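The values are calculated or read from the model by the stated rules, or taken from the named source; none is laboratory data. Since the structure is predicted, the reported quantities are computational estimates derived from the model, not experimental observations. As a convention, Cβ positions derive from the backbone with ideal geometry for all residues, glycine included, and neighbour counts pool all protein chains shown. Protein only, heavy atoms only, side chains kept; ligands, DNA and RNA dropped before computing areas. Shrake-Rupley method; radii C 1.70, N 1.55, O 1.52, S 1.80 Å.
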Amino acid sequence: MGISKVFSALDISATGLTAERIRMNVIANNIANANATNSPDGGPYRREQVEFQSILNKAANLSDIDGMERLGGVKVSNIMKSNEPFNKVFIPGHPQADENGFVEMPNVNIATEMVDLVTASRSYEANLAVINSSKDITNQALSIIGR
């Protein structure tokens, strides 16, 4: 394994760390606005979701097949608003209540957000473990060479 392969693994994991951090920030924003009935767009807050896209790099080594691409990590391609309908809750007297006493609440489900947060956190930890393993392998290889 060449030194470029080690750095490639670090680069791929670093892109994963960045993408998962953005995902966790979006999830935290969803949770924070779970009861927001007024948003700058008008109406209740809409849940946001992160869309990932793989990054492909041209193969640089001559041993690779010409024209082939290899995986180069992941990036956030879009943060999109959910099209799910708003939740209607009976709260007569609320300033945003309709004539029947129902208020449109954000389409955020706290349980779903917590599951997504745990998943993003585990993915972040997995990428961090890859970086630490690559670092340990590199240190061991350098200690062998230095003897």
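Does the stretch 30-47 hold any residues that are open to solvent by 60 Å² or more (accessible area, probe 1.4 Å) and touching an Asp or Glu at 6+ places or on another chain (Cβ under 9 Å), and which are they? Give the derivation first.
Let us first name the residues in the stretch 30-47 that are open to solvent by 60 Å² or more (accessible area, probe 1.4 Å), namely 32, 35, 38, 40-41, 46.
Within the stretch 30-47, just R46 meets the criteria.
From the list L117, L142, the one residue that fits, being part of a helix (DSSP H, G or I), open to solvent by 80 Å² or more (accessible area, probe 1.4 Å) and of a type in the set (A, V, I, L, M, F, W, C), is L142. Can you tell me which residue within the stretch 124-139, out of those that are modelled with pLDDT under 95 and surrounded by 16 or more Cβ atoms within 10 Å (Cβ to Cβ), is farthest from the chain's Cα centre (by Cα)? Among those residues, the one meeting the criterion is S134.
Filtered by the rule that a residue be exposed (fewer than 12 other Cβ atoms within 10 Å of the Cβ), at pLDDT 90 or above and not in a strand (DSSP E or B), the stretch 48-83 gives a lone residue, N83. If you go through the stretch 102-114 and keep only what is hydrophobic (A, V, I, L, M, F, W, C) and open to solvent by 60 Å² or more (accessible area, probe 1.4 Å), you end up with F102, I110, A111, M114. If you go through the stretch 84-111 and keep only what is touching a residue at least 40 places away in the same chain (Cβ under 8 Å) and not in a loop (DSSP other than H, G, I, E, B), you end up with V103, E104, M105, I110.
Out of curiosity, is E20 acidic (D, E) and farther than 17 Å from N83 by Cα? Against the criterion (acidic (D, E) and farther than 17 Å from N83 by Cα), E20 qualifies.
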